[in-house]
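The values are calculated or read from the model by the stated rules, or taken from the named source; none is laboratory data. Bear in mind the structure is a predicted one, so any value in this text is a computation, not a measurement. All Cβ positions, glycine included, derive from the backbone under ideal geometry; neighbour counts span all protein chains shown.
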Amino acid sequence: MEGAKVEVGSGGSRPRRRYRTRNWREYDRALVARGDLTVWISPDLVWHGVKGTGRRGRPRVFTDAAIQAVLMLTVLFQLPLRAAQGMAGSVIGIAGLDWRVPH
C-alpha cells in the first residue's frame with residue numbers, strides 16, 4: 001500500500017453548515033428571554049400548618065407542600081439550602097405575599 005492516500009476524519013458525514021444570524025435584534029431579545037423566569041403559586045396552596053392538631057409536641061409551622069416547594073428550588077437550580085431559602089423568600093416577596101419561608 002505504498003503511495004495510498006488515507007483521508008483522516010472522513011467518517012462519511014457531510015460538513016456542517018454554519019448558521020448565519022441575520023436579525024441581530026431578534027437574536028439579542030431571544031438571549032435575554034432565556035433568563036426570564038415565571039413562577040406560578042397556586043391559590044390552593046396551604047403554606048402554613050394547621051394549628052392545634054391535638055397531638056403532643058410542637059405544632060407544625062409549614063405544610064409538606066411548602067417544604068417540598070423550597071426543596072424543589074434546590075434541585076432545579078442546584079442551590080444550597082440557605083440559598084434556596086433566600087430565593088423562596090424573594091419569590092414570595094415579589095408575589096406580594098406576607099408568608100414566612102421554611103428554614
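Looking at Arg22, Arg17, Arg29, Arg58 in this structure, which one is at pLDDT below 80 and either in a loop (DSSP other than H, G, I, E, B) or under 32 Å from the mean Cα position of the chain (by Cα) (or both)? Sole residue among the options that is at pLDDT below 80 and either in a loop (DSSP other than H, G, I, E, B) or under 32 Å from the mean Cα position of the chain (by Cα) (or both): Arg58.
When each of Gly57, Gly86, Gly49 is tested for being out of contact with any helix residue (DSSP H, G or I) (no Cβ under 8 Å at 6 or more places or on another chain) and either of a type in the set (D, E, K, R) or surrounded by fewer than 11 Cβ atoms within 10 Å (Cβ to Cβ) (or both), the lone residue that passes is Gly57.
Condition first: more than 14 Å from the chain's Cα centre (by Cα) and at pLDDT 80 or above. Now tell me which residues in region 33-46 satisfy that.
From region 33-46, those more than 14 Å from the chain's Cα centre (by Cα) are 33, 41-46; that's our starting set.
Scanning region 33-46 gives a single hit, Ala33.
Suppose we filter region 62-86 for residues that are closer than 21 Å to Pro43 by Cβ and part of a helix (DSSP H, G or I); how many remain? So the count comes out to 9. Checked against (1) at pLDDT below 90; (2) loosely packed, with under 10 Cβ neighbours inside 10 Å; (3) of a type outside the set (Asp, Glu), Leu97 passes all but condition (2).
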